Every structure is written in C-alpha cells, then in structure tokens.
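First the structure, in the form of structure tokens, and then the observations on it.
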Amino acid sequence: MKLAIIGCGYWGPNLIRNFCQSKRVIELICCDLDQKRLDRMKSLYPTIAVLTNYEELLERQDLDAVVIATPAKSHYPIAKDFLSHDKHVFIEKPLTHSCETSLELIKLAEEKKKILMVGHTFEYTSAVNKIKTIVESGELGKILYIHSIRVNLGLFQPDINVVWDLAPHDISTILYLTGELPASVNCQGKAHFNLNIEDVATTTLNFKNGLIAFLHTSWLDPNKIRKTTIVGTRKMLVYDDIETQEKIKIYDKGVEVPPYYDTYEEFQYAYRYGNIFSPRIEEYEPLKMECEHFLDCILKKRTPLTDGYSGLRVVSILEAANKSLQQSGKAIQIQNHKITNKKYTQRRS
Ligand SMILES: NC(=O)c1ccc[n+]([C@@H]2O[C@H](COP(=O)([O-])OP(=O)(O)OC[C@H]3O[C@@H](n4cnc5c(N)ncnc54)[C@H](O)[C@@H]3O)[C@@H](O)[C@H]2O)c1
C-alpha cells in the first residue's frame, strides 16, 4: 500500500517508524509544514518521500490511505479533504474537536466506503485487553468505581485544554472495558497560565448502572503518573502503565457488611486482606498492532475496532466535559442516540 503521514511533530515519528517497518507499505510520504521536521525524518528514514503541502497528495490516484497526526483542531479539515478524494483515513485521538464534525466524517467515510479509524492506542495494549478479560470474567465482582490519574509536567497545548489532551485514552479505555456510555458527565478544572485553557481537571462519568468513574488530568504535576484503579465488590485491580514488570495487580481485598445484626454494637464491617496477584501480560508495541490493524481493515474491508463511532463516543464525552467546565461542574447529559452503531450494540450485548 501507498501511505502518507501528515504531521511529523512529537507523535508522528512513532507512526512513521511503525509504517516504515510494515511489509505491506511500499511507499511512505511524510508531510509537515516545518521543513526541519521533514529533514530530520528523511535522515532517519531515507526511503520516505517528504513534502510541506498535503494538498499535492489529494489528486494522487495511487495513494491508498493517509494518517493524520497534526494538532486536534486540524484533524477535521484534513480528514475531510482526503475522504472526499477517496482515501482511507486514520486520525490520531481525539477524532475531531466536536461531535458535529466527527459525525460529518463518519457519514462521509460511509458514503465513500472508506475506512475511518481513530488512534485510541490503549485499546490495542495487552494490559487493557487483559483487564477487559478479567472484568468480563466477573473476577472483580460488580464494578463499583474506576479512578484514573494521568498527570505530568507539561506539555501545555496551545489549542486544547488538559481534558482534550490527556483524557481521551482513559475515556476510550473505560468505554472499552465497560461497554457502556455514561449517562452524564461533570467536569471541574482551572486555567492557571493561559486564561481559557484549563491545565488541571477532574472529570466524572456517571453511568446508569451506578458505576462512577473519576479521571484526574493535569499538566501541572511534579510526577508522571499513569494509573487506573478498578474497585469491584469482590476484588480490586490497579493498572500502572509506568511499571515495566507488573503493570497489573489484582488485590483480593474488600469490605463486607455483616448479613445479620441486632444491635449497633454487633455491627462491624468485615475487611478482607487477601493475596496480591500480578498476571503475566504479553509484550508487544501497541502502536504497531494499531497500525497493522488499520492496514488489515483496508485490505479485508473490515470495520476497525476503534472506528469513527468509537472516536465520536469519546468526543461526545469531551464535549460534555467542556460544557460542564463552563458551568462550574454541572452535570451534562450525554446524547447517546446518535453515537451507537450495530457493532457497539452487539459488543455490549
Ligand atoms: N496515541 C497517542 O498516544 C498520542 C500521543 C501523543 C499525541 N497524540 C496525538 O497526535 C496528534 C499530534 O500531536 P503531537 O503532540 O505530535 O503534536 P505536535 O504539535 O508535536 O506535532 C504536530 C505536527 O503537525 C504539523 N502540522 C500542523 N498542521 C499541519 C498541516 N496542515 N500540514 C502538515 N503538517 C501540519 C506541525 O508542523 C507539527 O510538526 C494529536 O492529535 C495528539 O493528540 C497521540
């Protein structure tokens, strides 16, 4: 296949490396507004072609697909251009900057019968897939709450706030694990440096079945932390993505209320302190898996695991979080009638 990658900044080079290594890619063209970035890419990967204006690629009949790794607000116009010119499109997270534009791209891809995929990388990690198996097996019991923390110092983004920058991975992971959309979202945050761009925020996802998920995101933290805790009625699980050896730990811990008691003195919570188990997880690069999945979906005409609707679901939560931020944390309902497709409904059942 012949592919183009638009955007060779911080993340683009990871995509370039993976597509360069793929046996199925016979030509890779890299595009960036910044010639210095292109010179650097060319020195690392001499076989690639480079150019500064992606519009030169639109009319190329032999180009199969395009990968977009530019800042979030430019995803929509670039993707629209390429879908309109019959190219398959992979877009880095978040799919676009609004539900309206995400829906427009989904419709355009359907009309053109082209693949539209979003880079929800965590859905391709062995750790998240292991956790999904554990959750679905019922080992943790009923999930009571999920807490995720994704913080570090920087990188401050000029066009999107910390929720749009850091929360997409946690949101997509939570939706993937639960197979549910929250009914409503609350978000509170603060902009300390740029007046309109929040650099720290807490987002709460409220699900119909009582599950609650808290997401803490910050560009203003001394430590880099990537941790998710899932508390179930039977066991508790901690996923630490920074850990190299034991990323997942399952704690056989819990609390039980005695079934019978007559007096207040008899009433005592029973705490269980059991074993801690760390399951083995397969080692592979999730981004490689994701890139190969995109190529597979094009060749076999399959719907990607993280398709346009998956991107739209995440964007719908980000958009609701933004509205909530502007209204001091008020709960914003998620309109889910537009954002479920057949595959999602099947996966949920
Ligand atoms: N999947 C992941 O884990 C992950 C991690 C980091 C970033 N990302 C995503 O990747 C995307 C890019 O983020 P980044 O941190 O690399 O940003 P960045 O600002 O470092 O790089 C963006 C690059 O795009 C180029 N660019 C902008 N507009 C362009 C245009 N019209 N034509 C050609 N080039 C253009 C810029 O010159 C820049 O080099 C974002 O959507 C971000 O959310 C994903």
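The values are calculated or read from the model by the stated rules, or taken from the named source; none is laboratory data. For clarity, every value in this text was computed on a predicted model and none was experimentally measured. Please note: Cβ atoms are built from the backbone with ideal geometry, for glycine as well, and neighbour counts cover all protein chains shown.
When you go through Leu33, Leu28, Leu58, Leu44 one by one, which is the residue that is more than 11 Å from the ligand (Cβ to nearest atom), at pLDDT 95 or above and within 15 Å of Ile78 (Cα to Cα)?
Selected residue: Leu58, the only one of Leu33, Leu28, Leu58, Leu44 that is more than 11 Å from the ligand (Cβ to nearest atom), at pLDDT 95 or above and within 15 Å of Ile78 (Cα to Cα).
Can you work out which of the residues in segment 234-248 that are more than 13 Å from Glu139 (Cβ to Cβ) and among the charged types (D, E, K, R) is surrounded by the most Cβ atoms within 10 Å (Cβ to Cβ)? Working first, answer last.
If we filter segment 234-248 for residues that are more than 13 Å from Glu139 (Cβ to Cβ), which is where we start, we get 238-247.
Among the residues that remain, those that are also among the charged types (D, E, K, R) are: 240-241, 243, 246-247.
Values: Asp240: 16, Asp241: 18, Glu243: 15, Glu246: 14, Lys247: 21.
Applying the filter and picking the extreme gives Lys247.
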Give me a count of the residues in segment 78-108 that are within 8 Å of the ligand (Cβ to nearest atom) and more than 16 Å from the chain's Cα centre (by Cα).
-> 1
Of the conditions (1) part of a strand (DSSP E or B); (2) within 26 Å of Tyr309 (Cα to Cα); (3) of a type outside the set (Ser, Thr, Tyr); (4) touching a helix residue (DSSP H, G or I) at 6+ places or on another chain (Cβ under 9 Å), the single one that Leu237 does not satisfy is (2)
When Trp164 is evaluated against the numbered criteria (1) of a type outside the set (A, V, I, L, M); (2) assigned to a strand (DSSP E or B); (3) in contact (Cβ under 8 Å) with a residue 40 or more places away in the chain; (4) farther than 24 Å from Gly138 by Cβ, which criterion, by number, is the only one it fails?
-> (2)
Those residues of segment 246-283 that are without any contact (Cβ under 8 Å) to a residue 24 or more places away in the chain, of a type outside the set (Asp, Glu) and not in a strand (DSSP E or B) come to a total of 11
Any chance you could count how many residues in segment 121-154 are closer than 26 Å to Lys224 by Cβ and assigned to a strand (DSSP E or B)?
-> 9
Does Lys288 meet the test of being farther than 25 Å from Ser98 by Cβ, modelled with pLDDT of 95 or more and surrounded by fewer than 12 Cβ atoms within 10 Å (Cβ to Cβ)?
-> no
Applying the selection to segment 4-36, what residues are touching a residue at least 60 places away in the same chain (Cβ under 8 Å) and either on the phi > 0 side of the Ramachandran plot or of a type outside the set (S, T, N, Q) (or both)?
-> Ala4, Ile5, Ile6, Gly7, Cys8, Gly9, Tyr10, Trp11, Leu15, Phe19, Arg24, Val25
Out of (1) of a type in the set (A, V, I, L, M); (2) buried (at least 18 other Cβ atoms within 10 Å of the Cβ); (3) within 16 Å of the ligand (Cβ to nearest atom), the one Leu177 does not meet is (3)
